[in-house]
1. For the stretch 140-214, which trypsin sites (Lys or Arg not before Pro) are both in a DSSP coil and crowded by at most 10 other Cβ atoms within 10 Å?
2. Applying the Karplus parametrisation 6.51 cos²θ - 1.76 cosθ + 1.60 with θ = phi - 60° to the phi angles of the stretch 82-87, what ³J(HN,Hα) value in whole Hz is obtained for each residue in order, glycine and proline being reported as x?
Amino acid sequence: MAFDEVLGPGSAQNVGGFRFWFADERWEWSDEVARMHGYQPGTVTPTTELLLGHKHPDDRDHVADVLAHAIAAAEPFSSRHRIIDTDGNTHHVIVVADTMADATGAVIGTAGYYIDVTDTLAEHRQETLDDALPELLTARAVIEQAKGVLMLVYGLTSDQAFRVLTWRSQETNVKLRSLAAQLVAELPTLRNAAPRMRSEFDHLLLTVHLRVRE
């Protein structure tokens, strides 16, 4: 996955991309992720130490363990935790990622998105509803199912889950109803081993649009 593919054109301010190479623990982050941490883009180079230093004290050990496991097992770095920016503000984020491979197919790192789910979502949700109301009225059931899955996997509220769905819909230019239906349809492909369920679902969420047939 190339870095420009991670970031995507016109990503929302509450979503930003990152890449992490396992061998030398080298990070790259987008301008949006820098701002989530309170930095102006280009003013700091992200490192593991810097990123862990911004984790909420109650979440820091957990994130460090998740990251260490990602490096040891060559698996995506995925988490839900809180970060504290340079002004002392707390952000609730989920990290959705997939593996990053070299030309031979060997896994060399992980790449994906930070999604800030802190803000109140009423205005954003209303804008989306205004744009997609006819579709939502006829597809409410499958969208609610998809929201329920996101709420379970990521520990989100209903509005936060809706934001993640609409972000993927807008980012991939796939209708919300179609994306939700495909996501629900592919749930049986996930294996039941709990430790890997999260990373498998991350991969499904980031690639499901490729298999939607309008």
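Throughout, read-outs are computed from the coordinates displayed, never taken from laboratory work. A quick note: this is a predicted structure, and the numbers were derived from the prediction, not measured. Cβ coordinates were reconstructed from backbone atoms using ideal geometry, including for glycine residues, and neighbour counts include every protein chain displayed.
1. Sparse-neighbourhood loop trypsin sites (Lys or Arg not before Pro): Arg191, Arg213.
2. Computed from phi, the couplings for the stretch 82-87 are 10, 10, 10, 7, 5, 8 Hz.
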